[in-house]
Amino acid sequence: MKNSPPPGESHNVKDPSSVTLSEKSVLLNKSSSFSAVHAERPRPRAPRRALSSVDESCSRGTIDEDKEDGEPECHRQPTLDEVSHEIDGFIDALSSMEDKSNAPEIPKSLGTFANMIQSEIDKYESGDSPLKFGQDLGQDTLVINAVNRTSKLIDLLENFPSDNKINPSLTLMILILQRAMSIMEEDLRVLLEDSMKPPSSDSNKTPKSNEPESTEPDDQKPKEDKEEHKEIYPGISLETANNMKMIASTMISAGYEAECCMAYVALRRSTFKKAIKQQGLHNISMDEVQKMQWEPLEGHISAWIKVVKHVSQVLLPGERRLCEFLFSSSSIADNMIANLARSVAILFTNFAEAVAMTKRSAERLFKVLDVYEALNDLTSAIEGSMGSHETANELRSEISSVRSRLGEAAVCIFCDLENSIKNDVARTPVPNGAVHPLTRYTMNYLRYTCDFKQTLEEVFSLHRMTEQRLERLEPRRDDSSNNSSNESESSASKQTPFALELMTIMNLLDANLEQKSKLYKDLYILQKIKESTEIHGLVENDYRRRKSSELRGYHKSYQRETWGRALQCLNQEGLQVNGKVHKPILKDRFKSFNQIFDEIQRTQSSWVVSDEQLQSELQVSISAVMIPAYRSFLGRFGQYFTPGRQYEKYVKYQPEDIESAIEGLFDGSNQNFSMARRR
Amino acid sequence: MWAGAENQGNFLGRISIRRNQVASMEPDTHVEDLDQFHKLISDKFSPLLTDYPHHHDHDGDATPSAAGDAFLSAAWVRKLLDAFVSCEAEFRAVLLNGRDLTQIVKPPLDRWIPDLFDRVVKALDVCNAVTHGVEAIRFMLHQAQIVASALEQRPFTEGQIRRARRALAAVLSSIVVDERDGGGKTTERSWSFGRRGGGASSKERHHAPNFRSLSWSVAKNWSAAKQIQAISSNLYTPRGGECSLAQSVYIMGMVLVFVMWAMVACIPCQDRAGLGTHVPVPKNLGWAQSINVLQEKIGEEWKKKEKKGSSGLMDEVVKVEKLAQSLTELTDNFHYPMEEDKEAEMAAKAAKLAEVCRRMEDGLGPLQRQVREVFNRLVKGRADVLEVFDHAIKHCNPSV
């Protein structure tokens, strides 16, 4: 439908044949269709006036021509081209006139010109399916050229004192211009509104309507087809944009900039509004955000993030392209985009502000940080599309103030985390030596926070700057005293603020676990080893070194605590009474070894040491102690049991079983054990 | 700009708590503070009555003050917001620099302060709605500017008149909305194009975007009047024996309600039905006297305009509307050539319109920025007070 014009018509314009001319005159005489349209207007009086003045000039035009008997072509109407040429001559004459005190003679061709344009404009207004701008490029060009001449004439004629000689012509010209402008304004709206339709349902429309193209040989088409895929803005093809540009530049040069911009702004706003809605962001008041449960709010935040990214990455840059394309004046383009960007940015920051105000709790941190990061995108989109426009500065400051509040919210969440670790006093151990929920929670949490490493660095360094400014007035923050003591302070200068915060939390966790480990004895320490190794990538080397030496200590103590008792059973001392192996003691030893070993298997088979190096180190060192001890113990004392039932009762494990059992430790699957047992 | 500067004050609250632990209780300072607060309110709000002549120009023949600013003009609204900003700053100072912050976690403040937070959040929504209303006025202004420029040249001709008439229709429809329509009737295509269908609707009818179709940030069923009512809920006059800090919190709540109410009355906002009844400004309180009178005057104006499906009381908007109405009438009766007196009348109205447009254009930008500043200050103030409040709670109940 919005295809380029049928080639025939555009041809007509450039080389008007007699057929076209007669068509034109038919149209001229068919004023009934024209007046019918007007008669139905809601305000009949004024239009009738208009009509009469048009009729007047129409008839005068004809009379003039008839009267002018000197002209040989009295039976042939001049073509529009010829008339236009005469008008151009008149325009030149007017603009070269220095004395503007006396009204010039109005050439009779002006009347003809007026009639011709009117009838051309009629095509856009009357009939069952009036033309729209953009449908017939040849016709559009014809009208636009005429409009340009008209507005030039108006400008020039207005310089002369109003008098009866020029007034009728001036009035007519202004009226014609107004008609053309109303049509263009409306067609601009239509073009803009059409482009608003959801791209998903319409995405096939353009290719479909172009389908007959292949059969229609036209040298213009292939090129156009290629370019049509290049969209200036989502949903606005190059062709549509060209049509809009044509209308916009005509309107602006004719002095209808205000109307043009109003139409543009209004519809672009609607487009953005619609796009935002389509992406799932609904208008919710800030008050509602405060009252909302976290779960639905989380959904809104996700939608918000999606929309902000879409607007920042697609819509705003697209809008910039479109504005630049449509408006050759950069100041108009800048204002258009500033207007739109401002509304969008304020809409987005309001929501972000509302989120920053909500109750602060640990689970919200990540969404808060997501929002923070999305605002980064928005800032760069605004920089990209508006540059140094004054509105850009205003918006930058809006966004940065919201971000600083979101940052404060994030810092507060960390503070709360510190406090909750400090205040977490468990009195009962977690059953079966499972990972303590606090540990698991905190460490997982910290691990996730590292996904936001860069953002958190920014947040914490901003926060630290604020703090430092205030530290001059007040000694350090109340509570963060004891735990972040010597070591962290010594390395504080070298560390980034976020690493420092992480360390503070881990030290707190350490201290807390130290406390708790008393409840768990050996079991807990292993978990702790595990967790410590997982985060060691996040912090500085010396901390890591310190931790790994601690780790070795834990390793040793784990070995001692867990395997020591088993090893004790294998002690060769105390077995002999009077130089002879005492069988009941021996039985006892085997029995308790089996028991201890089973126990270890039961409780520790699901333990995981995710650090591979540590895992194999642990395995090797346990094997190195256990296997030789067991092997020699078994080798020496196994023979005391009667082969068969008795032997099997007391010697449940062969050294190989022990070995494979140890090899299966800490890798997260306890299959090896069951296999060993089956043997 | 303000944002950067404001950020620095972040932890001042803690300082005052510090100080407060050391200093002994000095209830008298609060009384002094309160007196000062009262005085500030009188000082800031009474010029709003005296410096701006009440506009009794029912024919649009305003004789504005020397500065050109009438009662309820854009400049007046800005002055109102100035007054509010001063009060808010003073309130923050009174509350945060107080000597005895243990009070704020005791009744009635332990409830009143969270209530105030709640009011502030609601006021933020009002600010957003008003920002959007200013945007609508700006649309109206642009249309009015088209009218004014179309009618600049004399003698008037059909073309100019048509151009003006199109824009006039847009001026009159840009803000006036059926306020009682909760949004249900609104269709996505709030302006439709009929010219090609049946030919009944002409191009002369301007399908201008209206207020609601341009709406961005305001939720569908949001009502400015209900919001004002919500802001003022639970706002009780403190009893005589109540501490002076409680008085300050009450006063701040009052001023907030009043300013938001006045702003909503002036600037178009979604659903203002019943706005006239929603401000519980206490009578017979010295400090509130100017606010009382202001409220009465604005209330009267509101009652007068409410029935007409008002686009708000803002002086410039009212004037533009009046001029647009008489210009519509004149243009509807236009015929060429115009009688001289008619033409002179039209020209005079058009010139007046141009003048109002100029003032509007100068006033709207600063007004919009100022509404935003109020928004930002409310956010900041809330954050600061909240911080101190939370801290005080933790401090006073270590178990929490």
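Couple of notes before you dig in:
- FRET efficiency estimate (nearest 0.05) - Cβ-Cβ, B:ARG369 to B:GLN153, R0 35 angstrom: 0.50
- Segment A:ASN159-A:ARG636, extension gain: residue separation times 0.36 nm, minus the distance between their alpha carbons: 159.2 nm
- In this simple spin-label approximation, A:GLN654 and A:ILE627 carry label points 7 Å from Cα along the Cα→Cβ vector, and these lie 1.5 nm apart.
- Ordering of A:181-192, A:377-388 by burial proxy (mean other Cβ atoms within 10 Å per residue, highest first): A:181-192, A:377-388
- Using the Cβ-Cβ distance between B:ASP35 and B:ASP110 with R0 set to 25 Å, the FRET efficiency from 1/(1 + (r/R0)^6) comes to roughly 0.50.
- In sequence order, calculated HN-Hα J values of the stretch A:557-574 (Karplus, 6.51, -1.76, 1.60; Hz; x Gly/Pro): 6, 4, 4, 5, 5, 6, 9, x, 5, 5, 5, 4, 4, 8, 5, 7, 6, x
- With a simple spin-label model that places each label point 7 Å from the Cα along the Cα-to-Cβ direction, the separation between B:ASN333 and A:CYS450 comes to 8.3 nm.
- Shielding value for B:131-139 is 2, the average number of Cβ atoms from other chains within 10 Å of each residue's Cβ.
- Gap separating the Cα centres of the stretch A:378-400 and the stretch B:77-150, nearest whole Å: 24
- Size of charge dipole - the stretch B:292-366 - debye, nearest 20, with Cβ of Lys, Arg +1 and Asp, Glu -1, no other charges: 380
- Protection proxy ranking of B:365-371, A:254-260, A:342-348, by the mean of other Cβ atoms within 10 Å over each peptide's residues and highest first, is A:342-348, A:254-260, B:365-371.
- Given A:LYS108/A:LYS152; A:LYS309/A:LYS359; A:LYS277/B:LYS305, the pairs whose alpha carbons are separated by over 27 Å: A:LYS277/B:LYS305
- For the peptides B:154-164, B:75-85, A:299-309, the ranking by mean Cβ contacts within 10 Å, running from highest to lowest, is B:154-164, B:75-85, A:299-309.
- Estimated FRET transfer efficiency (A:ARG321, A:SER253; beta-carbon r; R0 22 Å; 0.05): 0.50
- Peptide B:115-125, shielding by other chains (average Cβ, 10 Å cutoff): 4
- One chain, two ends: A:LYS274 and A:LYS591. Fully extended at 0.36 nm per residue, the span grows by 106.4 nm beyond their Cα-Cα distance.
- Note on A:SER616 and A:GLU82: their simple-model spin labels are 10.0 nm apart, each label 7 Å out from Cα toward Cβ.
- Counting Cβ atoms of other protein chains within 10 Å of each Cβ in B:149-160 and taking the mean gives 5.
Read-outs: derived from the displayed coordinates by stated rules, not from any lab. For clarity, every value in this text was computed on a predicted model and none was experimentally measured. Neighbour counts are summed over all protein chains in view; Cβ atoms, including those assigned to glycine, are modelled from backbone coordinates with ideal geometry.
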